[in-house]
Amino acid sequence: MTTVLRLIPLFPFVGFLVNVFLGRRLSKRVSGGIACLAMLASFLVGAISTWTLVQRPSDARVVDDTVFLWIASGDFQIPLTFRLDPLAALMVLVVTGVGFLIHLYSVSYMHEETDGEYARYFSYLNLFASFMLVLVLGANFLVMFVGWEGVGLCSYLLIGFWFKKRSAADAGKKAFVVNRIGDFAFIVGMLLAFREFGTLDFREIAFEAARLSPEVTFGLISLMTLLFFIGATGKSAQIPLYVWLPDAMEGPTPVSALIHAATMVTAGVYMIGRNAALFSLAPITMDVVAVIGTATALMAGTIGLVQNDIKRVLAYSTVSQLGYMFLAMGVGAFAGGIFHLYTHAFFKALLFLGSGAVIHALHGEQDIRNMGGLRRDLPITYWTFVIGALAIAGVPGLSGFFSKDEILYRTFAGGHTLLWTVGAITSLLTATYMFRLVFLTFHGERPESAGSTAHHGGSDHGHGGGHGPAHLHDAPPTMAVPLVLLAIGSVVAGYVGVPHALGGANRIEGFLEPSFHPVAVHAPAEAGVGGGHGETAAHGEESPDADAHGGASVELTLMGVSSLIALTGIGLASVFFLRRRELAQATAARLPAVYRTLLNKYYVDEVYDATVVHPIQRTSERVLWKTVDAGMIDGIVNGAGAFVRGSAALLRLSQTGSVRVYAASIFIGVLLVVGYYLVR
């Protein structure tokens, strides 16, 4: 166990190397097979390592794999260490398991690409997974930061995969630039952490934090954690740095599934969970996290209600669900946030891959207004997509119900009534816009003009609209199998967190708790394993006893309210978008300002363009380019050249080629020299 952890990120990295250097010589089957086998190998190693970890006592579930001492400068010692604990184990299984299914799905989905582009795609996909595994297994901030920056790079490469398409290239750059803003704050936070604790190791920081008292006012810990949260808002697309994620749909649909479900956007939530002991000392920061998460969830939910691009609806859904996760983190329900991250990976990957199957069948069409009646021709896609929609809506019995209800319950039990109310409204919006998507895509009748109407948005295959019902085809086996498996996961994944009020043990909470507030290591039980003594103290809202949070009756009541909200949202969607679609159009006509505002995403991109992008462009053009670059720098360089040219022109006058002139010059020179000495 002490040397096997490095294999988990190594396998996909080797797959990346093979495809990036040999991919053009390999067939598509071989390129895709290598990438899929690399992910499967990582999943198997991760599963075996997790199983071994679970067999240990709860206070000894830590395994370190130190590859080498990376940086050594005085007291600044940074080893390249991978660490497996319950939180990292859960994330590894999500990244490799869901990631493998997305790789498998991509084998058929990307078949239209040339051999070289096909290999390039899978090399990026493997590299993305490798960096995400480095991020979640990193034992200290710097190792995490390698993966943190790596997934940012890969998101740029994959979102802009079709770089010849201007919108895709711009979206990739947008994701890269916006994330750099958050990353700068993350770096400053790391520097403050080292200054305060003298280490960047997560467990050592947690042990030191356990000796401190929560800050009553805004202090150094609050500043440090706030900087980390700003980094998280970039990676996990929260206000104000969420604007890159909806544009990430310009990449291939499996890329959207990987980014939105299993990898990059979960990094910010994971980072806060990894530093739960530190964030618990900063109640002001926790309040900021909860409020920003709630506001993001509500805003993205309202935008998703009117979007017409099938992938853009799901993109805003991701932003909204991430807001739920940050709400959980902000109220101290760290296990609840990670629980929702885990269940969300299944149904969001399912929904994106289902949308990809629709786009694939319709030859690039993404506008849901040009769809309808697809359930008859795409039965596998339809039923799996419905399961994903039911799960994200929070319908009882499916995974999303357990995790979302846990967040709302912890929020209410913690006394955050306003945040709970906004979260409940967002839950209603989620159910409504998800079944709007289901009804407009799969029910009703497809418009007659849809088969010949070219689609001008960002489509995965660059084709026009579909070719009519006769040409529709359901997902092929390599796409259908991931859809079915993810649908099963969307149903059963939540049962690891059945709450006490329903007779369960909420096992995922008990499993994850030692990662949030680890017990200090007194003597390792064996090499690479952190042992400890005593029981793990619960902090914040994490308690195994439901009665400590207001009693099981309160929790059951809130479950009933959540269930009613989900069913109400589905009912509203059926009225407005299935039975009487003219009502939706009439409502939009009666509220044109509201509709335009939501359709244009609150004009946030336009505000950023006016206040940030265009001023920077004008400053760059008028000051940095014309004044500094062209005026000063080019002026100095060109002036030096002009001086040399002028001097050379004068010197060239002395080079006449006449022997008599040279002799006269020598004679005059001799006279001047002799005359000088005679006069002296």
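Observations, loosely collected:
- The orientation-averaged shadow of the Cα convex hull for the range 299-442, equal to a quarter of the hull surface, comes to 7.6 nm².
- Sequence-separation-based contact order of the chain, relative, with Cα cut under 8 Å and 6+ spacing, percent: 13
- Among 112-120, 30-38, the order from most to least packed when residues are scored by Cβ within 10 Å on average: 30-38, 112-120
- Rounded to the nearest 20, the Cβ-based charge dipole of the chain about its Cα centre (Lys and Arg +1, Asp and Glu -1) stands at 2260 debye.
- For VAL14 and ASP75, the difference between the fully extended length at 0.36 nm per residue and the C-alpha to C-alpha distance is 18.6 nm.
- For the chain, the residue among VAL18, GLY364, GLY152 whose Cα projects farthest onto the positive side of the dipole built from Cβ charges is GLY364.
- Phi angles across the range 657-663 convert, under the Karplus curve 6.51 cos²θ - 1.76 cosθ + 1.60 with θ = phi - 60°, into 3J(HN,Hα) values of x, 9, 5, 5, 5, 5, 5 Hz, Gly and Pro given as x.
- Rounded to 10°, Cα long-axis angle of helix 310-330 versus longest principal axis of the chain: 80
- Charge tally around PRO482: other residues with Cβ under 14 Å, Lys/Arg +1 each, Asp/Glu -1 each, net 0.
- Extent along the principal axes, Cα only, for the range 138-292: 54, 29, 22 Å, with the longest axis given first.
- Ranked by the mean number of other Cβ atoms within 10 Å of their residues, highest first, the peptides 256-263, 440-447 fall in the order 256-263, 440-447.
- Fraction of accessible area attributable to carbon and sulfur, the chain (%, probe 1.4 Å): 67
- Net length gained if the chain between ASP629 and VAL674 were fully extended (0.36 nm per residue, minus Cα distance): 11.0 nm
- A dipole drawn for the chain from +1 and -1 charges on Cβ atoms has a positive end, and of ALA648, ALA277, TYR382 the residue lying farthest that way is ALA648.
- Helix 399-413 and the long axis of the chain differ in direction by around 90°, with both axes built from C-alpha atoms.
- Farthest towards the positive end of the charge dipole of the chain, among the residues MET190, PRO476, LEU53, is the Cα of PRO476, using unit charges on the Cβ of Lys, Arg, Asp and Glu.
- Anchor LYS173: aspartates and glutamates whose Cα lies under 14 Å away (excluding residues fewer than 8 positions away in-chain): ASP247, GLU250
- The chain - mean residue ellipticity at 222 nm from DSSP helices (-39,500 (n - 2.57) per run, n ≥ 4, rounded to 500): -21000 deg cm²/dmol
- Working from Cα pairs under 8 Å separated by at least six residues, relative contact order for the range 103-191 is 19 percent.
- Under 18 Å from LYS601, Cα to Cα: lysines that are on another chain or at least 8 residues apart: LYS174, LYS311
- Packing-based ranking of 337-343, 365-371, 153-159 yields 337-343, 153-159, 365-371, ordered from highest to lowest mean Cβ neighbour count within 10 Å.
- Within-15-Å neighbourhood charge of THR597 [Cβ basis; K, R +1; D, E -1]: +1
The values are calculated or read from the model by the stated rules, or taken from the named source; none is laboratory data. All figures in this text were calculated on a predicted structure; none of them were measured in a lab. Here Cβ is always computed from backbone atoms with ideal geometry, including for glycine, and neighbour counts include all displayed protein chains. Surface accessibility is based on the protein's heavy atoms, side chains included, excluding ligands, DNA and RNA. Shrake-Rupley method; radii C 1.70, N 1.55, O 1.52, S 1.80 Å.
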